[in-house]
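Engineer: Structure below; questions to follow.
The values are calculated or read from the model by the stated rules, or taken from the named source; none is laboratory data. The structure displayed is predicted, hence computed values, not measured ones. So basically every Cβ, Gly included, is an ideal-geometry build from the backbone, and we count neighbours across all protein chains shown. Remember, those area values only see protein heavy atoms, side chains included, never the ligands or the DNA or RNA. Shrake-Rupley method; radii C 1.70, N 1.55, O 1.52, S 1.80 Å.
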Amino acid sequence: MKASPGARSWMAAGVRHELLTRALPALRHEMAAPVSVIRMAILLLKRQVASASTSDSASVAERVDLIEDQVAALATGVRSLRDWELATHDEGITRSALVAQCTTLMRVAFDLHGIGLVVDESLAPREGEPLFEAGAALRYMVLGALGYLHDSVPELGEIKVEADGAEALCFVGGRGSSEPADPVAGAHRAPRALAIDAVALQALADGLGYEVSVEGAEVRFALGTIMVPA
């Protein structure tokens, strides 16, 4: 029986939820780091204030500035959660920034599984890069491509992200180094019921309105509409 439009929408939403769940550890770390610095700064500040004989106004001011900076960083991290909402209007994103954000989010988790993430030099930041619409959707697409290769390619040791022309991306999975793969690494991958397979990746792309090409250990998709500066 063919899935209804509503069922396909729920499937795409389920894939997005799984991808967000995988990215959450990195997002939590980004927001928790400023909190640790704030706590330490407040503790030191309290000690300085309590000791009138050794209290140094310049040092106290420095601690206060540090706390203000970290509070600003924490606020930025909280606001960045809006970037995952598809209904939120965003200012667009460059291809290099998109790849950098997504690989940074997943690098530690992939490293723990013995999988390296390699970004080709063609995706280095450069002046005058075009902005592509729907940054949130594109983020899910990149994470979906990485998740598919992570979950579906056997003996995966490396994923290389490359530019595909001027407006697309290509993800290629390979064995990486010549060293034998760690037999324990596969045990840490997503359970089969939650794996991002070709069907899940296609459902994600259909739900977001992108065309994706999946051929074995290679995934390609175009980034869509280029934003025209106002």
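Engineer: Can you run down the residue pairs with Cβ atoms below 8 Å, 6 or more apart or on separate chains, where the first is in the range 105-117 and farther than 12 Å from LEU146 by Cα and the partner is among the small types (Gly, Ala, Ser) and crowded, with 19+ Cβ neighbours inside 10 Å?
Structural biologist: GLY114/GLY157
Engineer: Separate question: Would you say LEU66 is of a type in the set (A, V, I, L, M) and modelled with pLDDT of 75 or more?
Structural biologist: yes
Engineer: Filter the range 128-137 down to the residues that are hydrophobic (A, V, I, L, M, F, W, C) and outside any helix (DSSP H, G or I), then identify the one that is farthest from ARG16 (Cα to Cα).
Structural biologist: Filtering first and then ranking leaves LEU131.
Engineer: Does ASP151 satisfy the condition of being over 20 Å from LEU20 (Cα atoms), at pLDDT 90 or above and among the acidic types (Asp, Glu)?
Structural biologist: For ASP151, the condition - over 20 Å from LEU20 (Cα atoms), at pLDDT 90 or above and among the acidic types (Asp, Glu) - is not met.
Engineer: Another one. Which residues, taken from the range 138-160, are outside any helix (DSSP H, G or I) and crowded, with 24+ Cβ neighbours inside 10 Å?
Structural biologist: Hits for the range 138-160 are LEU156, ILE159.
Engineer: Looking only at the range 124-136, count every residue that is among the hydrophobic types (A, V, I, L, M, F, W, C), open to solvent by 10 Å² or more (accessible area, probe 1.4 Å) and in contact (Cβ under 8 Å) with a residue 40 or more places away in the chain and tell me the total.
Structural biologist: Within the range 124-136, residues that are among the hydrophobic types (A, V, I, L, M, F, W, C), open to solvent by 10 Å² or more (accessible area, probe 1.4 Å) and in contact (Cβ under 8 Å) with a residue 40 or more places away in the chain number 2.
Engineer: How many residues are in contact with a Cys (Cβ under 6 Å, 6 or more places away or on another chain) and charged (D, E, K, R) if we restrict to the range 140-180?
Structural biologist: The number of residues fulfilling the criteria is 2.
Engineer: So, one more: Considering only residues that are open to solvent by less than 50 Å² (accessible area, probe 1.4 Å) and not in a loop (DSSP other than H, G, I, E, B), which ones fall in the range 101-117?
Structural biologist: Those that are open to solvent by less than 50 Å² (accessible area, probe 1.4 Å) and not in a loop (DSSP other than H, G, I, E, B): CYS102, THR103, LEU105, MET106, ALA109, PHE110, GLY116, LEU117.
Engineer: If a residue must be closer than 16 Å to ILE159 by Cβ, part of a loop (DSSP other than H, G, I, E, B) and not hydrophobic (A, V, I, L, M, F, W, C), how many such residues does the range 198-230 contain?
Structural biologist: The total comes to 1.
A quick yes/no check of all residues on (1) under 27 Å from LEU143 (Cβ atoms); (2) open to solvent by 60 Å² or more (accessible area, probe 1.4 Å); (3) of a type in the set (Ser, Thr, Tyr); (4) at pLDDT 70 or above:
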residue	(1), (2), (3), (4)
VAL35	yes, no, no, yes
LEU44	no, no, no, yes
VAL49	no, yes, no, no
GLN70	no, no, no, yes
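Engineer: Looking at ARG220, ARG126 in this structure, which one is modelled with pLDDT under 95, closer than 21 Å to ILE93 by Cα and of a type in the set (Lys, Arg)?
Structural biologist: ARG126 is the lone residue from the list that is modelled with pLDDT under 95, closer than 21 Å to ILE93 by Cα and of a type in the set (Lys, Arg).
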